[in-house]
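Nothing in this text is a laboratory measurement; each read-out follows from the coordinates by a stated rule. Quick caveat, the model's predicted, so the values are computed rather than measured. Here the Cβ positions follow ideal geometry from the backbone for every residue, glycine too, while neighbour counts run over all protein chains shown.
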Amino acid sequence: MAVLDHHRVIAIDGPGAAGKSTVALQLAEHLGALLFDTGALYRAVTLASLRHGVSGADADGLARLIDRIRIEIHPASVADGRQIDVLLDGEDVTWAIRTPEIDALVSRVAAYPQVRDALLPVQREIADGKTAVLVGRDIGTVVIPEAGTKIYLDASTAERARRRLVELDSRGIASSYDVVLHDLQRRDAHDSERATSPLRAAPDAIVIDTDGRAIEDIVHEIETTVRSHWESEARGE
Ligand code: DC
């Protein structure tokens, strides 16, 4: 594998609705960094599988599909609440990958080693040589274990369900606390119990519990850590 430069990557991992995207967006703005939400890749592959008629049970078929499609991540081009643009074969699918239908299917797709292997070089190359905030589940453990800063954001299931409900509501998607809670628990189990790259904090990650804490406060804590890493590096430490 080519030698890639990931020392300015900030890895942010953690379960769904722990506040990763909101924190990552503000952090990326403060640091002038690229924001790369890696969950968008798994979501785009899931959407592509529906469109191309590839079964969500066909792991090899999904891996072959990844070779045939083109997924691009760009800074947000429209002020409609999005954090990034996601393109699938040139089409803007930023919102099409965030429906309850994709929510329900994506963790199975993301659990296949074939799918994860196929998406690994894509993620490593996008982050190469960049100051980039990568958001996901296994960035600090598998995708970029050499990242300069690793953060694991956590929150209680109840708090995460409340946040997800507010987020869905703001997008006009009706749901209920119980449905959202059940879906989060199901996806947590899927993400943490899968054999390949399960969700867990890297041994050298800074674990932050976001329950009851203001976003600005968490962003400030991470930014201070990142800047101090950069300063030590500049001093050659
Ligand atoms: O963060 P999200 O809800 O957009 O993630 C969608 C799915 O993809 C979720 O089931 C976890 C999975 N995922 C993953 O396995 N590894 C990543 N680096 C990012 C997301």
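Observations
- Around the amide H of Asp85, modelled in the peptide plane, lie the amide H atoms of His74, Ala76, Ser77, all under 5 Å away and 5 or more residues distant in sequence or on another chain.
- HN-Hα J in Hz across region 138-144 - Karplus 6.51, -1.76, 1.60, θ = phi - 60°, x for Gly and Pro: 10, 5, x, 8, 10, 6, 9
- For the chain, a simple Cβ point-charge model (Lys and Arg +1, Asp and Glu -1, everything else neutral) yields a dipole of about 420 debye relative to the Cα centre.
- Shape summary: region 144-237 maps onto an equivalent ellipsoid whose semi-axes, from the alpha-carbon gyration tensor, are 31, 18, 10 Å in decreasing order.
- Cα gyration tensor shape of region 43-168, rounded if a/c is under 1.5, else prolate or oblate by comparing a/b with b/c: rounded
- In region 1-73, Rg over Rh equals 1.05, where Rg is the alpha-carbon radius of gyration and Rh the Kirkwood radius from pairwise Cα distances.
- Lys/Arg +1, Asp/Glu -1 at C-beta; the chain dipole; positive extreme among Ile151, Val207, Ala161: Ala161
- Spatial separation of Cα centroids for region 169-211 and region 56-83, in angstrom: 20
- Among Ala127, Ala161, Ala79, the largest mean-square fluctuation in a Gaussian network model of the chain, built with springs joining Cα atoms closer than 10 Å, belongs to Ala79.
- The phi torsions of region 34-50, fed into the Karplus equation with coefficients 6.51, -1.76 and 1.60 and a -60° offset, translate into couplings of 6, 9, 10, 8, 6, x, 4, 5, 5, 5, 5, 5, 5, 4, 4, 5, 5 Hz, rounded to whole numbers, with Gly and Pro shown as x.
- Mean separation of Cα contacts under 8 Å, 6 or more apart, over the residue count of region 66-214: relative contact order %: 23
- Calculated [θ] (222 nm, deg cm²/dmol) that DSSP helices of n ≥ 4 give over the chain, each run adding -39,500 (n - 2.57): -15500 deg cm²/dmol
- Distance between the 7 Å Cα→Cβ label points at Glu91 and Leu120: 3.1 nm.
- Region 218-237 residues near the modelled His7 label - backbone nitrogen below 13 Å, point 7 Å along Cα→Cβ: 229-237
- In order along region 126-136, phi translates into HN-Hα couplings of 4, 8, 4, x, 10, 7, 9, 9, 9, 10, x Hz, rounded to whole numbers, per the Karplus curve 6.51 cos²θ - 1.76 cosθ + 1.60 with θ = phi - 60° and x for Gly and Pro.
- Sorted into 5 angstrom bins from 0, the C-alpha pair distances of the chain split as 1, 6, 14, 18, 21, 18, 13, 5, 2, 1, 0 percent.
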